[in-house]
1. Please specify each residue of the range 55-74 satisfying the condition of being closer than 13 Å to H101 by Cα and open to solvent by 70 Å² or more (accessible area, probe 1.4 Å).
2. Restricting attention to the range 140-155, report how many residues are open to solvent by 50 Å² or more (accessible area, probe 1.4 Å) and in contact (Cβ under 8 Å) with a residue 12 or more places away in the chain.
3. Of the conditions (1) within 28 Å of D185 (Cβ to Cβ); (2) in contact with a strand residue (DSSP E or B) (Cβ under 9 Å, 6 or more places away or on another chain), T123 fails just one. Which one is it?
4. Taking the range 81-109 only, how many residues are closer than 24 Å to A65 by Cα, part of a loop (DSSP other than H, G, I, E, B) and not β-branched (V, I, T)?
5. Please determine, by comparing only the residues of the range 75-90 that are crowded, with 16+ Cβ neighbours inside 10 Å and polar (S, T, N, Q), which one is farthest from L131 (Cα to Cα).
6. Taking the condition over 23 Å from T172 (Cα atoms) and of a type in the set (S, T, Y), does S99 pass?
7. Residues to consider are G245, G188, G220; find the one that is touching an Asp or Glu at 6+ places or on another chain (Cβ under 8 Å) and at pLDDT below 95.
8. Contact list please: Cβ distance under 8 Å, first residue in the range 14-33 and part of a helix (DSSP H, G or I), second residue of a type in the set (K, R) and at pLDDT 95 or above, pairs at least six apart or on different chains.
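The values are calculated or read from the model by the stated rules, or taken from the named source; none is laboratory data. Since we're looking at a predicted model, the values are computed, not measured. FYI the Cβ positions are ideal-geometry reconstructions off the backbone, even for glycines, and counts take in every protein chain you see. Heavy atoms of the whole protein, side chains included, go into the accessibility calculation; ligands, DNA and RNA do not. Shrake-Rupley method; radii C 1.70, N 1.55, O 1.52, S 1.80 Å.
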Amino acid sequence: MSAQNYRLAGPASIEINEVAPRDGLQIEAHVVPTEGKVAFVNALAHCGFARIEATSFTSARAIPALADAEAVMHQVERVPGVRYTVLVPNLRGLERALSCHPDEVNLVMSSSETHNRANLRMTRDQSKAQLLAMIAEAGKAGVPVNISLSTVFGCPFEGEVSEADVMALARTFADAGAAGITLCDTTGMAYPNQVAALCETFQRALPDTGLTIHLHNTRGMGLANAIAAWQTGVTRFDAAAGGLGGCPYAPGASGNVSTEELVHMFAAMGVDTGVDLDALLNVVGGVAELVQRDVPSQLLRAGPRLRTHQPPAWMAEFFAAA
């Protein structure tokens, strides 16, 4: 059977949430100026993404790289069909975010106790109470809420994380009105059959709650884990242009799964992502200048698999003589 006629079992189309403007730029040593962030978001918006996580309404002291969140949200072009989401850490951040009219707010806590304390300086119970209050406030404003659960596939401090703990948190937030849940491989500890098992459990338990998978490529398994999730029926994936991002609590960690490589893989398999790969590669080509460092995009260096090249010049004369 030819590759064109062979189909793995999975959805015919998926949605990609581009997170580089937030998850990527927040940890870069070079602080990208506001106009650079706005141009980055605008360029990405014309590539066909379902969602773009544009910024984070954290305190300037905590994440100085994103201190201009209001300015970015007020200046970006709102391209029809693209949902502009923002990360919000607390009620004060939610108030700031709602003044900028995002299409969705993304709230976050960790599934493991130690990572939650290290990352958010709160216990899980404190984070859960805060997020429930934020879901209620966002609901009053008519803005949908997504909850990102970090470290669901493993914690760098505790090791394995209980599936029961993950699902208890997911049910709590779904019952409170969260429109979606993101299962995050925060430090790149996931492996394919683990990802598939948790995705299947989630979809059986919460079939009416939107499920997004957030993968990192820390140990080189990002794309394999994406395939595993897709084969269970997952249709929503986070990814970062140029593979930007990472976690400060994962020593040696690389960034998020690369958007261009995720799009290229699914496109080669005949799965519709809605993203224009050529347009995206043009954007990724400018990321190194944006962040003032090299970016580890293998696809940017090699090009799509069917990009052809001229054969060596010597061949024509060599074979003519033969």
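1. Across the range 55-74, the qualifying residue is only H74.
2. Residues meeting the conditions: 1.
3. The single condition T123 does not satisfy is (2).
4. Count: 7.
5. T85
6. Spelling it out, S99 is indeed over 23 Å from T172 (Cα atoms) and of a type in the set (S, T, Y).
7. Every option except G245 fails the conditions.
8. Correct list of pairs: P21/K37; L25/K37.
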